[in-house]
Amino acid sequence: MVNPKIHAVTERIIKRSKQTRANYLAKLNKAKSEKVHRSALSCGNLAHGFAACSKQEKGILTGLNHSDIAIVSAYNDMLSAHQPYETYPAIIKQAVSDTGGVAQFAGGVPAMCDGVTQGQPGMDLSLMSRDVIAMSSAVALSHNMFDGTLMLGICDKIVPGLLIAAMTFGHLPTVFVPAGPMPSGLPNKEKARVRQQFAKGEVGKDALLEAESASYHSPGTCTFFGTANSNQLVVEVMGLHLPGASFVAPNTQLREELTKAAARQVTRLTQQSGNYQPVGEMINEKSIVNAIVALLATGGSTNLTMHIIAFAKAAGIIINWDDFADLSDAVPLITRIYPNGFADINQFQEAGGMALLFKELIGANLLHQDVQTICGPGLDKYTQVPTLKDGKLVWVDGPSVSGDDEIIATVEQPFKPDGGLRLLAGNLGRAVLKTSALRPGTEVVKAPAIVFEDQHDLEKAFKAGELEKDFVAVVRFQGPKSRGMPELHKLTPPLGVLQDKGFHVALLTDGRMSGASGKVPAAIHLVPEALDGGLIGKVKTGDMILLNGETGELTLLVDEQELANREQAHFQAYSEHSGMGRELFGFMRNNLSGAETGACSLFSEEL
C-alpha cells in the first residue's frame, strides 16, 4: 500500500479529474480501431501514404496484417542532446522490419536550446515552443497511417510537447526513445565559479568561454540535473522508457541496442500484437503522481511544475501546485545532483542510477506499483539495469546499495526530510520556490524591493554597484502573456555574487528560472502575473517583501489602503514582441494560461 499522504493526494486528483478523465477516455475509445488504422484510408489515401516505400514495404502495408510505426523526431545537429538522433531512423526502421512491420519517419518537430537563448530575444519563444512541438507532432500523426509511435526527444520543452501529443493521440501505443548524456566535462561547481568570476569582472570572456566549452563539449545531454535530465527521469518513472534507458551514453553499443529494443517493444503493444496498450489508458493519475514523487525525491527542475500539469491535462487529469506541495511534504530528498549538489548525471548513474532510485522509492511505498508500463504491469522491472552479454541486450538486477552515499542516499537517512519544493502564497499570489539547493539560513528573506521590468536592467544595476545591499529583486512582466515566460537564468551569477558577499537577496518574478538554478531563493511562476492584474504590478522600489520558504508566506508588507490607491503598472515593452520571430507568436502568447494551469495555449479550461 502506498504511503497514506501520497494515497490521499492521488485520491484527490482522481476525484477532481473524474469528469475530464471520463471525457478523455471516451474520446480515446472513439479513436480506437480493431483493425490497423490505415484500413480506413481510401486507395488514393493509402497510395499517397506509402508512395515512397519499397516494394516490400508496400506489400506489408497493403496486407494490413502488420504494424506501421510512426517516428516523430526532434533531431537537429545544433542541440548536443539531439544530435545523436541523426542515425536513429535507419536503426529503428531495420528493427521494426525485423518484426515484420514498417516504420515511417512521420515528422520532425522543432527543438530549441535554452542554453543558447538564455538572455537573448529568442528565449521569449522557449515555453511556447512546447505547444508548437505538440501541434507539429499532431500534424505528423494526423495521417491515420500508424499503429504505434516512437517519440525521439530529450530537452526542456521538447519532451513535454511530445507528451502532450502522445496523450492527444492516446489510442496509439507510444514508446519514448532517449539518447543519453554527454561524458562528464568541467565539474559543474567549477563552471559556476567561473561564471561568478566573470560576473564580478575578475575574468574575461576568453576564460568564460573556455570554461563553458569544457562543460558543454560533445554529443549528448548536458550533465547537470536541469529540465532535460528531469524529463528523462519523469518519462522513465511513468514507464514510457525501457528500464534503465535514460542515462546510457550516446554512440555506444548499449545505446544502439536499447534503441533497437524500443523499436521492437512498441510493435508488441499495437492492436495487431494481441497485447494492445494505448498510451492514454496506460498513463493515469497514479502514473502522474509517480512522476511528481520521483521529481521531488531527486530535486528536479521547477519547469516540470508547469509541464506535468500541461501533459496531464492532455490526458484529462487535473493537477495543481497544492498537489506538488503536499507530495513534497511526503517525499524525502534522496539525491544530490547539481544544482542540488556537486555530482553530475553520469555520477548519479555510476552511484546506482534509476534502478537504485526505483528500489528506494518502491521499498518505502512512495510509488504506486499498480500501474502499467511499456514493459507490463508494475515497476519491478525498472529496478533492473540493461547490459550486454555476448553482444546481446539483457537486464540484470540493479544495485541495492548506493555506490556513493553523497550522491544517492536512503529514504531512512535522506539529505532532506522533504522534496525541496515549497508553494508560496500570500497577498502577492501563488509562486513556486525550490528549496532543495538553498544553503541553510537563506530560505527566509525580508527586505526592500527593487523593481525591474527587464532582466538586463538588473544586470546593469549590478555592474554599476547599485545592488550592494539586502533586497528582493522584483522582475515583472515576464509572465506567459507578457513575454511568453522566458527563463531568467542569466540573473543567477550576479545574485549569487551578492549572496556570497553576505547580503540577503531573493528573486520574485512571474517568469521562470532555469532547471539548473537554485542557489538564490527565487519565488517564480507567480500567479496572477503582472499583465493579468497581479499585485506584483503595484510593487514599488522600497516596499518591504517577506519571502518565507519555511512557512510558505509571500507577502507585500504595504498597507492595504495604500495598495488600493496605487495604479497598476503598465507593460511598456511592446517592442519586445517583434524580432527574432516573436511577432509570429502573438496569437499563442495572448492565449497562454497561467503558470499553475500549465502556461498552455492548447486547452480550454473545461477541456
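No value in this document is a laboratory result; all are computed from the given coordinates. Source: prediction; values computed, not measured. Heads up, the Cβs are rebuilt from the backbone with ideal geometry, glycines too, and the neighbour counts pull from every protein chain shown.
With θ taken as phi - 60° and the Karplus curve 6.51 cos²θ - 1.76 cosθ + 1.60 applied, the whole-hertz 3J(HN,Hα) list for the stretch 383-400 is 8, 9, 10, x, 8, 9, 10, 6, x, 10, 7, 9, 10, 10, 4, x, x, 9 Hz, x standing for glycine and proline. Distance from the Cα centre of the stretch 442-494 to that of the stretch 250-273, in angstrom? Here the two parts' Cα centres lie 46 Å apart. Between His570 and Asp322, the contour length at 0.36 nm per residue exceeds the Cα-Cα span by 86.2 nm. Using C-alpha pairs below 8 Å separated by at least 6 residues, the relative contact order for the chain is 15 percent. Here the residues Trp395, Trp321, ranked from fewest to most Cβ neighbours within 10 Å of their Cβ, fall in the order Trp395, Trp321. As I understand it, the value is the acute angle between the Cα axis of helix 88-98 and the longest principal axis of the Cα atoms of the chain; what does it come to in degrees, rounded to 10? Tilt relative to the chain: about 30 degrees. Think of the chain as having a plus end and a minus end, set by charges on the Cβ of Lys, Arg, Asp and Glu; of Met182, Leu428, Gln120, Met182 sits farthest toward the positive end of this dipole.
Computed per residue of the chain from DSSP H runs no shorter than four, each worth -39500 (n - 2.57), the mean residue ellipticity at 222 nm is -10500 deg cm²/dmol.
As a rough footprinting exposure proxy, the listed residues Thr597, Thr62 were ranked by other beta carbons within 10 Å of their own, and the order from fewest upward is Thr62, Thr597. When only Cα pairs below 8 angstrom with a gap of at least 6 residues are kept, the stretch 110-266 shows a relative contact order of 25 percent. Centroid-to-centroid, using Cα positions, the stretch 1-67 and the stretch 535-607 are 38 Å apart. Remark on Arg566: its backbone amide H falls under 5 Å from none of the residues 5 or more positions apart or on other chains, H modelled at 1.01 Å from N. Amide H contacts of Ile154 (H built 1.01 Å from N, in plane; Pro and chain starts excluded): Val159 sit under 5 Å, all sequence-distant by 5 or more or on other chains.
Whole angstrom only: what separates the Cα centroid of the stretch 320-352 from the Cα centroid of the stretch 376-406? Each part reduced to its Cα centre gives a spacing of 20 Å. Tell me which of Leu507, Ala569, Val539 sits at the most positive position along the dipole axis of the stretch 489-570, charges placed on C-beta atoms (Lys, Arg +1; Asp, Glu -1). Looking along the dipole axis, the top candidate is Leu507. Placing +1 on the Cβ of every Lys and Arg and -1 on the Cβ of every Asp and Glu, with nothing else charged, gives the chain a dipole about its Cα centre of roughly 1260 debye. Between the amide H of Gly107 and those of Ile71, Ser73, distances stay under 5 Å, these residues lying 5 or more places away or on another chain, with hydrogens modeled in the peptide plane. Tell me whether the chain comes out rounded, prolate or oblate; compute the Cα gyration tensor, take square roots of the eigenvalues as a ≥ b ≥ c, and use a/c under 1.5 as the rounded threshold. Cα axes put the chain in the prolate bin. Cross-link pairs exceeding 29 Å in C-alpha to C-alpha distance, out of Lys260/Lys359; Lys389/Lys416; Lys191/Lys501; Lys5/Lys30; Lys35/Lys93; Lys32/Lys93, comprise Lys389/Lys416; Lys5/Lys30. Working from label points 7 Å from Cα in the Cα-to-Cβ sense, the Lys540 to Glu34 distance is 7.3 nm. Measure nothing but the geometry: give the 0 to 90° angle between the long axis through the Cα atoms of 126-141 and the longest principal axis through the Cα atoms of the chain, rounded to 10°. Helix 126-141 sits at roughly 10 degrees to that axis. Dipole check for the stretch 220-307: with +1 at the C-beta of Lys and Arg, -1 at the C-beta of Asp and Glu, and the Cα centre as origin, the magnitude is about 140 Debye. Placing unit charges on the Cβ atoms of the charged side chains and taking the dipole of the stretch 421-573 about its Cα centre, the candidate lying farthest along the positive direction among Pro440, Asn548, Val558 is Pro440. Once the Cα atoms are used to define both axes, helix 205-215 deviates from the longest principal axis of the chain by about 40 degrees.
When the Cα gyration tensor is reduced to axis lengths a ≥ b ≥ c, the ratio a/c stays below 1.5 for the stretch 421-573, which is therefore classed as rounded. Counting every other Cβ atom within 10 Å of each residue's Cβ, Glu350, Glu596 order from fewest to most as Glu350, Glu596. Computed on the stretch 421-573, with alpha-carbon pairs under 8 angstrom and 6+ residues apart, the relative contact order is 32 percent. When you filter the GluC sites (Glu not before Pro) in the stretch 1-83 for DSSP loop state and at most 12 other Cβ atoms inside 10 Å of their Cβ, you are left with Glu34. Our coupling estimate for the stretch 163-168, obtained by passing each phi through the Karplus curve with A = 6.51, B = -1.76, C = 1.60 and θ = phi - 60°, is 5, 4, 5, 4, 5, 5 Hz, Gly and Pro reported as x. Each residue of the stretch 170-184 is assigned a 3J(HN,Hα), and the resulting list reads x, 6, 9, x, 9, 10, 8, 10, x, 10, x, x, 5, x, 5 Hz, derived from the Karplus form 6.51 cos²θ - 1.76 cosθ + 1.60 (θ = phi - 60°), x at Gly and Pro.
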